[in-house]
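The structure appears below as structure tokens.
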Amino acid sequence: MRLHNLISLIGHKPVKILLRGERIISPWEKGNQGLLPDIHFTDALVIPGLINSHDHLDFNCFNPLGHRKYENYREWGRFIHRHFKQEIRQVLQIPEKLRTRWGIYKNLLAGVTTVVNHGQRLKIDQPLITVYQESQNLHSVGFERFWKWKLNNPVHRKKICVIHTGEGRDETAREEIDELLRLNLIGREIVGVHGLAMQADQASRFKGLVWCPESNRILFSRQAPIERLKKNTTVVLGTDSTLTGRWNIWQHLRYARSLQKTGDWELFDMVTRSAALLWGMESGELKPGRYADLVVLKKKKNLSAWDSLYMSNPEDILLVVHRGRIRLFDHTLMEQLEGRLHAPYSRVLIDKDVKYVEGDLPQLIARIKDYHPEIRFPAEDFESAISVSHD
């Protein structure tokens, strides 16, 4: 596959990207390039597929729960289980397999080609994006039973341990980080999640920190001191699930940008190259030899490449390629792609824009609504929407 006339974030000249199999290949690589399908773009920005470093894939049928600010995650947990029992019961009656499938689509529709799932290992058949589940996942010091034994189990010594820590704005949250570090007796590599209460000296003892700015805003109205922590550890970005945030990762990026804790390139790096390095992935960059994970976006007129990027939304996505396969494309590309697609695709509307997405997303939405009729999705079945508009 050859993608022509694309705008990159670096430089001003149009670029061409060549893909063969699952990889990006060098423009000068010899071979039967004349047999490769060509896709031509106009005013389109190309970026690596986004890496969402923190999600709970089976928790994305929730709306955000909680309507005040909390001191720490323990207080929030007690509050929602006391005040939102019915809402929690309604979502959990949806089979886990269906909830997980929607969690994958939630990410794909926004241009995420890799998601790091936190929680129990989920069985996923034919994933449309890369789902990273190679770490040892512990929820937190407060909610994970026998966490000390699990952390120090030598069977998992070579795995990264991912754990919510410092998730709050009180002394309990601060002390929890010290307890976690003190009881890491076998010297595990730990990636902390949230880390609102984390200090710079503590950060140096973590392999990385996942910043979830939207979740932190909704629950605590406070952020981790990223401007200091990033000097001592690798900081990457995650959305968390819709239990504590909006579905669209671009909203999370815009909010993070507004906080001015990072520069534009540094923030973008948190969902591409730095994230790939932290998790040991061969993606995150548009370079020969890397996995062919990329997103093509409409370039907004009269805006710089950076401003256009951060103003993007799912409806602006023209193409999502994962491991060399087209997973999603805009209806404007159908004429170029017709006859070249081998997987089944369904048509959906995202904010009145027609997208083709691999698999039967409308059927998935219908099956979920059989269990929870009131649930609302950001994507609509195109056929149903057209039928309603004609009635």
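The values are calculated or read from the model by the stated rules, or taken from the named source; none is laboratory data. Small disclaimer: the values here were computed from a predicted structure and weren't measured. Don't worry about glycine lacking a Cβ; one is built from the backbone with ideal geometry, like all the others, and counts go over all protein chains shown.
Structural remarks
- Whichever residue in segment 312-357 is within 19 Å of Ile17 (Cβ to Cβ) and small (Gly, Ala, Ser) and, among such residues, is surrounded by the most Cβ atoms within 10 Å (Cβ to Cβ): Ser312
Per-residue answers, yes or no, for (1) under 28 Å from Arg222 (Cα atoms); (2) touching a strand residue (DSSP E or B) at 6+ places or on another chain (Cβ under 6 Å); (3) at pLDDT 95 or above; (4) of a type in the set (A, V, I, L, M):
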{"position": "His67", "(1), (2), (3), (4)": "yes, no, no, no"}
{"position": "Ile80", "(1), (2), (3), (4)": "yes, no, yes, yes"}
{"position": "Leu92", "(1), (2), (3), (4)": "no, no, yes, yes"}
{"position": "Gly103", "(1), (2), (3), (4)": "yes, no, yes, no"}
{"position": "Gln126", "(1), (2), (3), (4)": "no, no, no, no"}
{"position": "Val131", "(1), (2), (3), (4)": "no, yes, yes, yes"}
{"position": "Leu138", "(1), (2), (3), (4)": "yes, yes, yes, yes"}
{"position": "Trp147", "(1), (2), (3), (4)": "yes, yes, yes, no"}
{"position": "Asn153", "(1), (2), (3), (4)": "no, no, yes, no"}
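- Qualifying positions in segment 234-253 - in contact with a strand residue (DSSP E or B) (Cβ under 9 Å, 6 or more places away or on another chain) and over 12 Å from Pro314 (Cβ atoms): Thr234, Val235, Val236, Leu237, Gly238, Thr239, Asp240, Ser241, His252, Leu253
- Taken residue by residue, segment 317-324 has at least one member that is out of contact with any Gly (no Cβ under 9 Å at 6 or more places or on another chain), at pLDDT 95 or above and not assigned by TED's automatic domain parsing to the domain that holds Arg254.
- Taken over segment 96-127, the criterion of being over 16 Å from the mean Cα position of the chain (by Cα) and more than 29 Å from Phe329 (Cβ to Cβ) is satisfied by Glu96, Gln120, Arg121.
- Residue match in segment 128-137 (condition: free of Cβ contacts under 8 Å to residues at least 12 places away in the same chain and over 16 Å from the mean Cα position of the chain (by Cα)): no
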